[in-house]
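The block underneath contains the structure these notes are about, expressed in structure tokens.
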Amino acid sequence: MNIDLSINPSLVRKILTGFIRSEITRVGYSRAVVNLSGGIDSAVSFALAVEALGAQNVLAVRLPYKTSAQDSLDHAQMLIDQLGCPSATIPITEMADALIAREPDMSPVRKGNIMARLRMIAAYDQSEAFQGLVVGTGNKTEILLGYTTLYGDSACALNPIGDLYKTQVRQLARALDIPEAIVAKPPSADLWAGQTDEGELGFTYEEVDKLLYLLVDQRYRPEECVEAGFDEAFVRKVVERIRRNQFKRVLPPIAKLSSRTVGYDFLYLRDWGT
């Protein structure tokens with residue numbers, strides 16, 4: 001089956017810059033903060049925010065840990081220089097190691113989650129100092145697969161790229177003139193030395209994006225995806241990840257006791273009261 005995930009970059013760019021401008025200004029802000037990792041997702045969110053708000057109104061935050069790859073810092077700086085934005089570099093090594101030192105045998109996943117959450121603590125601190133909202137950098141593939149840290153990289157005030165699959169983010173990146181060194185390198189959360197997204201997931205973004213498109217956008221049943229040519233074990237694995245990580249995609253449930261419960265009956269738009 002030929003599955004076409006191509007986008008109209010010009011149209012997507014127009015919609016997403018409008019989204020950023022509208023969502024930030026409607027709640028009384030005019031600035032944004034983006035954690036710039038040196039990867040493609042944060043680069044695209046950053047470039048969109050700059051186009052929507054102006055370079056002087058977007059703060060790029062680099063948050064290296066001692067094991068972070070040097071090219072992550074270099075690529076982030078490359079984009080900062082290209083777009084001419086204010087920036088801050090806040091090493092998180094001492095903060096993370098103070099907690100990690102309590103349990104020397106801590107798993108890499110736990111260490112990675114600590115780093116991800118510390119980076120978001122720093123982002124929200126800079127959000128208050130800079131008076132800008134935190135713009136998210138998670139794509140649709142990561143969100144569906146739960147490949148994200150709750151209250152870490154998933155935390156944000158708004159997310160312009162959350163409805164773009166990873167392969168679509170790459171298309172948009174080239175339209176935004178993101179440096180090819182960023183676009184072409186293997187995706188990595190840079191949580192430990194040598195870590196790559198696809199190595200950890202066990203499959204490529206290209207193959208899983210096509211399956212997710214059928215399962216989510218086209219509402220295919222798992223057995224229909226197998227009939228379309230996908231390996232049955234692969235389909236089962238992806239479906240299980242989507243279902244198991246649903247809790248990451250919704251606000252925490254509140255036990256209902258009254259006639260109007262937040263999230264159930266007490267519902268207003270995000271800009272209510274502004």
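Which count do you get for residues in segment 38-59 that are over 15 Å from the mean Cα position of the chain (by Cα), outside any loop (DSSP other than H, G, I, E, B) and of a type outside the set (Val, Ile, Thr)?
7
Are there any pairs, at least 6 apart or on different chains, whose C-beta atoms fall under 9 Å, with the first in segment 125-143 and under 10 Å from SER45 (Cβ atoms) and the second of a type in the set (Asp, Glu) and surrounded by fewer than 22 Cβ atoms within 10 Å (Cβ to Cβ), and if so, which?
Note: pairs meeting the criteria are ASN139/ASP163.
Could you tell me how many of the residues in segment 80-131 are among the small types (Gly, Ala, Ser) and assigned to a helix (DSSP H, G or I)?
8
Which ones in segment 1-38 are small (Gly, Ala, Ser), surrounded by fewer than 21 Cβ atoms within 10 Å (Cβ to Cβ), at pLDDT 95 or above and farther than 29 Å from ALA228 by Cβ?
SER10, GLY18, SER22, SER30
If SER68 satisfies all but one of (1) more than 17 Å from the chain's Cα centre (by Cα); (2) assigned to a helix (DSSP H, G or I); (3) surrounded by 14 or more Cβ atoms within 10 Å (Cβ to Cβ); (4) of a type in the set (Gly, Ala, Ser), what's the number of the condition it fails?
(2)
If only one of VAL58, VAL44, VAL50 is out of contact with any Cys (no Cβ under 9 Å at 6 or more places or on another chain), of a type outside the set (Lys, Arg) and crowded, with 23+ Cβ neighbours inside 10 Å, which one is it?
So the residue among VAL58, VAL44, VAL50 that is out of contact with any Cys (no Cβ under 9 Å at 6 or more places or on another chain), of a type outside the set (Lys, Arg) and crowded, with 23+ Cβ neighbours inside 10 Å is VAL44.
When you go through (1) under 24 Å from the mean Cα position of the chain (by Cα); (2) farther than 19 Å from LYS140 by Cα; (3) without any contact (Cβ under 8 Å) to a residue 24 or more places away in the chain one by one for ARG270, which number turns out not to apply?
Result: ARG270 passes all but (3).
Among ALA228, ALA255, ALA233, which is the only one that is over 24 Å from ASP74 (Cα atoms), surrounded by fewer than 16 Cβ atoms within 10 Å (Cβ to Cβ), in contact with a Leu (Cβ under 7 Å, 6 or more places away or on another chain) and not basic (Lys, Arg)?
ALA228
The values are calculated or read from the model by the stated rules, or taken from the named source; none is laboratory data. None of the values given here were measured: they were computed from a predicted structure. With ideal geometry, Cβ positions are generated from the backbone for all residues, glycine too; neighbour counts draw on all protein chains shown.
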